[in-house]
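A short worksheet on the structure shown next.
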Amino acid sequence: MRLLFSIGAVLVAGMFAGGDVAGIAAPGPKFEPPKSQPQRPAADRDAQTVDVELVLAVDVSYSMDMDELAIQREGYAQAIQSKEFLQALKLGPNGRIAVTYFEWAASSDQKIIIPWRLVDGPETADAVAAEIMKTPIRRASRTSISGAIAFAMPLFDEDPYRGLRRVIDISGDGPNNNGGPVTLARDAALEKGIVINGLPIMVKEPSYSTMDIDNLDFYYEDCVIGGPGSFVITIKDRDKFKEAIRTKLLMEVAGRTPERPVVPVADREPRVNCLIGEKIWSDRWGR
């Protein structure tokens, strides 16, 4: 079982005051640096080491309305600039992270908004936030979480920095309905020592036109996320959108890992069919 949080239950202040976050860590291999990574001089390696390599993968499918997309953009920009985020950054062993930000929809539709950037203080955080906000908002068809994960994995090989942890952070408001099965993409990432966290967006009632589902949070927990300490933060209130994004980034930078024992996912069946999105699409449009 993986960590599942409602935004109202996560106390950010407690994280940095030594408070524990309840939950069970997800299964998955521990991160090991790629064996093929060329050796660098010790001083150079130290300069290139970051606490986490963080891929922000953001859903821009048509089920997200323009207001949600704008709030989402603002939420990431403001979170990276926040004093809480900068405080968490400095608490890490290296005091810096590497981050890249891309938007996704169908399995063949991913667009990098921010290539890899080093964030090590207010100036670099402000620069990343400005890059996020200056790009025009777009929308696109279909929802391929598997495509987003597959696109994200090789980005770590292109990153000039090397993180103590590698994390893919996926936000979205619906299940996978395009591309390969999401569980296969998830498992491929876990085999590489990559952790996947999720931000399921559930601010609207499920409707036929948008292919929303009930219990999207369960779907993300059982079918999408994985790796040591992986977690889900669910947004069910539009007013909590930005707060949820900030909390998620704080936890990822802080590298919070629960102390409870790992429970293998194979010990139980998923509570939501991991192919539910593909089934709904097939039932409605026959392809």
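The values are calculated or read from the model by the stated rules, or taken from the named source; none is laboratory data. Remember, predicted model here, so these are calculated numbers, not experimental data. A quick note on method: Cβ atoms are made from the backbone with ideal geometry, for glycine too, and the neighbour counts reach across all protein chains shown.
Go through (1) modelled with pLDDT under 95; (2) more than 26 Å from ASP222 (Cα to Cα); (3) charged (D, E, K, R) one by one and return the number of the condition ARG117 breaks. Among (1) modelled with pLDDT under 95; (2) more than 26 Å from ASP222 (Cα to Cα); (3) charged (D, E, K, R), the lone unmet condition for ARG117 is (1).
So is ILE225 in contact with a helix residue (DSSP H, G or I) (Cβ under 9 Å, 6 or more places away or on another chain), farther than 22 Å from LYS240 by Cβ, modelled with pLDDT of 90 or more and of a type in the set (Val, Ile, Thr) or not? No; evaluated as a whole, the condition is false for this residue.
Table: residues versus (1) touching a Leu at 6+ places or on another chain (Cβ under 8 Å); (2) assigned to a strand (DSSP E or B); (3) without any contact (Cβ under 8 Å) to a residue 60 or more places away in the chain.
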{"position": "VAL128", "(1), (2), (3)": "no, no, yes"}
{"position": "GLU131", "(1), (2), (3)": "no, no, yes"}
{"position": "THR143", "(1), (2), (3)": "no, no, no"}
{"position": "LEU164", "(1), (2), (3)": "no, yes, no"}
{"position": "ILE170", "(1), (2), (3)": "yes, yes, no"}
{"position": "THR183", "(1), (2), (3)": "no, no, no"}
{"position": "LEU190", "(1), (2), (3)": "no, no, no"}
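For the range 122-135, which residues satisfy the criterion of being out of contact with any Lys or Arg (no Cβ under 8 Å at 6 or more places or on another chain) and modelled with pLDDT of 95 or more? PRO122, GLU123, ALA125, ASP126, ALA129, ALA130, listed by residue number. Contact map, the range 224-252: first residue within 13 Å of GLN72 (Cα to Cα), second residue surrounded by fewer than 22 Cβ atoms within 10 Å (Cβ to Cβ) and among the hydroxyl-bearing types (Ser, Thr, Tyr), Cβ cut-off under 7 Å, separation 6 or more or different chains; pairs are ARG246/SER82. Looking across the range 37-87, the residues that are of a type in the set (S, T, N, Q), within 19 Å of the chain's Cα centre (by Cα) and modelled with pLDDT of 85 or more come down to SER61, GLN72, GLN78, GLN81, SER82. Within the span defined as the range 252-271, one or more residues are farther than 30 Å from ASP120 by Cβ and modelled with pLDDT of 85 or more. Looking at this structure, is PHE156 among the aromatic types (Phe, Trp, Tyr), more than 14 Å from VAL55 (Cα to Cα) and part of a helix (DSSP H, G or I)? No. Annotation: ASP222 fulfils all but one of (1) under 12 Å from the mean Cα position of the chain (by Cα); (2) farther than 14 Å from ALA57 by Cβ; the unmet one is (1).
In a residue-by-residue description of the range 99-114, the property of being polar (S, T, N, Q), within 17 Å of the chain's Cα centre (by Cα), modelled with pLDDT of 95 or more and not in a loop (DSSP other than H, G, I, E, B) applies to at least one position. All conditions in (1) at pLDDT below 95; (2) within 25 Å of GLN78 (Cα to Cα); (3) crowded, with 23+ Cβ neighbours inside 10 Å hold for ARG138, with the sole exception of (3). Of all residues in the range 220-255, which are in a strand (DSSP E or B) and touching a Ser or Thr at 6+ places or on another chain (Cβ under 7 Å)? Once the filter is applied, which keeps residues that are in a strand (DSSP E or B) and touching a Ser or Thr at 6+ places or on another chain (Cβ under 7 Å), the range 220-255 yields ILE233, THR234. Across the range 152-168, the number of residues qualifying as surrounded by fewer than 24 Cβ atoms within 10 Å (Cβ to Cβ) and either among the hydrophobic types (A, V, I, L, M, F, W, C) or within 19 Å of VAL119 (Cβ to Cβ) (or both) comes to 11.
Inside the range 78-108, residues that are surrounded by fewer than 23 Cβ atoms within 10 Å (Cβ to Cβ), out of contact with any Ser or Thr (no Cβ under 8 Å at 6 or more places or on another chain) and within 18 Å of ILE137 (Cα to Cα) make up a count of 3.
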